[in-house]
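Here's the structure, in structure tokens; my notes come after.
The values are calculated or read from the model by the stated rules, or taken from the named source; none is laboratory data. From a predicted model like this one, the values you see are computed outputs, not experimental measurements. We place every Cβ from the backbone using ideal geometry, glycine too, and count neighbours over all the protein chains shown.
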Amino acid sequence: MPRTKRKIIEVTHNQAGKWLDVRNAAVKGWLKLAVIVICFVIPGLLICFGEDAGFVPIKFLFSGGAFGERGLIVGGALDQPSLEKEIFIFAVSLMFILPAMAIAQKLSRTIAPHWRRPITIGSLLLMVHPASVLTIYSYDISRYIHAYGITKQRMIGLAIAAAGYILLVLFVLWLLRSKKTAMCQ
């Protein structure tokens with residue numbers, strides 16, 4: 001092989017190697033950013049296209065429809081708006097959002113500082129979904145207790161709602177607590 005071709009191949013290999021080498025700091029940063037984007041895309045898609053479990057609870061709460069007069073359904077069927085369906089949606093929402101946001105937040109501490117604030121704000125915006133579902137659930141439990149009295153199961157429902165709020169508040173505080181998130185600066 002002629003010397004010039006070898007030189008071209010060697011230079012090309014060295015240049016491509018920099019961008020394909022995972023040990024390279026620039027590549028690591030972009031890979032981490034790609035993982036963070038995926039952490040936002042998956043819960044975001046579930047919220048946008050999730051029918052009853054998606055954007056509907058947020059719209060229902062902020063439009064005031066959650067506080068209007070509507071029936072109380074207690075059955076475990078997921079094809080109608082029931083207390084069990086609300087707590088199920090809350091649990092599934094937490095199952096997707098909390099780990100994704102925890103991963104995104106941990107990775108954001110290792111990349112360029114100018115990305116930290118948008119990642120934290122995006123995480124807080126995604127937390128609106130479980131908070132909305134939990135608020136609707138709490139309001140429905142309180143309506144149910146007001147209409148039919150208090151029982152052990154209804155007290156357990158209130159305890160689950162209180163634990164859910166505590167979990168959400170602790171997670172939001174964890175998101176904001178670090179000076180590296182740039183929200184406190």
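Give region 50-74 a look and list any residue that's in a helix (DSSP H, G or I) and either in contact (Cβ under 8 Å) with a residue 60 or more places away in the chain or not basic (Lys, Arg) (or both), or say none. Full working, then the answer.
Taking region 50-74 as the starting set, the residues that turn out to be in a helix (DSSP H, G or I) are 51-53, 56-62, 65-67.
51, 52, 53, 56, 57, 58, 60, 61, 62, 65, 66, 67 - these are the residues of region 50-74 that are in a helix (DSSP H, G or I) and either in contact (Cβ under 8 Å) with a residue 60 or more places away in the chain or not basic (Lys, Arg) (or both).
In this entry, residue 171 is excluded by the filter for residues that are over 18 Å from residue 40 (Cβ atoms), within 12 Å of the chain's Cα centre (by Cα) and in contact (Cβ under 8 Å) with a residue 60 or more places away in the chain.
Conditions (1) modelled with pLDDT of 90 or more; (2) under 15 Å from residue 61 (Cβ atoms); (3) out of contact with any helix residue (DSSP H, G or I) (no Cβ under 7 Å at 6 or more places or on another chain); (4) of a type in the set (Phe, Trp, Tyr), marked per residue:
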position: 86; (1), (2), (3), (4): no, yes, no, no
position: 107; (1), (2), (3), (4): no, no, no, no
position: 110; (1), (2), (3), (4): no, no, no, no
position: 113; (1), (2), (3), (4): no, no, yes, no
position: 156; (1), (2), (3), (4): yes, no, yes, no
position: 169; (1), (2), (3), (4): yes, no, yes, no
position: 181; (1), (2), (3), (4): no, no, no, no
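A single entry from 123, 142 fulfils the requirement of being more than 26 Å from residue 68 (Cβ to Cβ), out of contact with any Pro (no Cβ under 7 Å at 6 or more places or on another chain) and either free of Cβ contacts under 8 Å to residues at least 60 places away in the same chain or surrounded by 13 or more Cβ atoms within 10 Å (Cβ to Cβ) (or both): 123.
From 49, 62, grab the single residue that is aromatic (Phe, Trp, Tyr), in contact with a helix residue (DSSP H, G or I) (Cβ under 8 Å, 6 or more places away or on another chain) and at pLDDT 85 or above. Steps first, please.
Details: 49 fails: in contact with a helix residue (DSSP H, G or I) (Cβ under 8 Å, 6 or more places away or on another chain).
Just a single option satisfies the conditions, and that option is 62.
For region 75-118, which residues satisfy the criterion of being in contact (Cβ under 8 Å) with a residue 12 or more places away in the chain, surrounded by fewer than 13 Cβ atoms within 10 Å (Cβ to Cβ) and hydrophobic (A, V, I, L, M, F, W, C)? Matches in region 75-118: 112 only.
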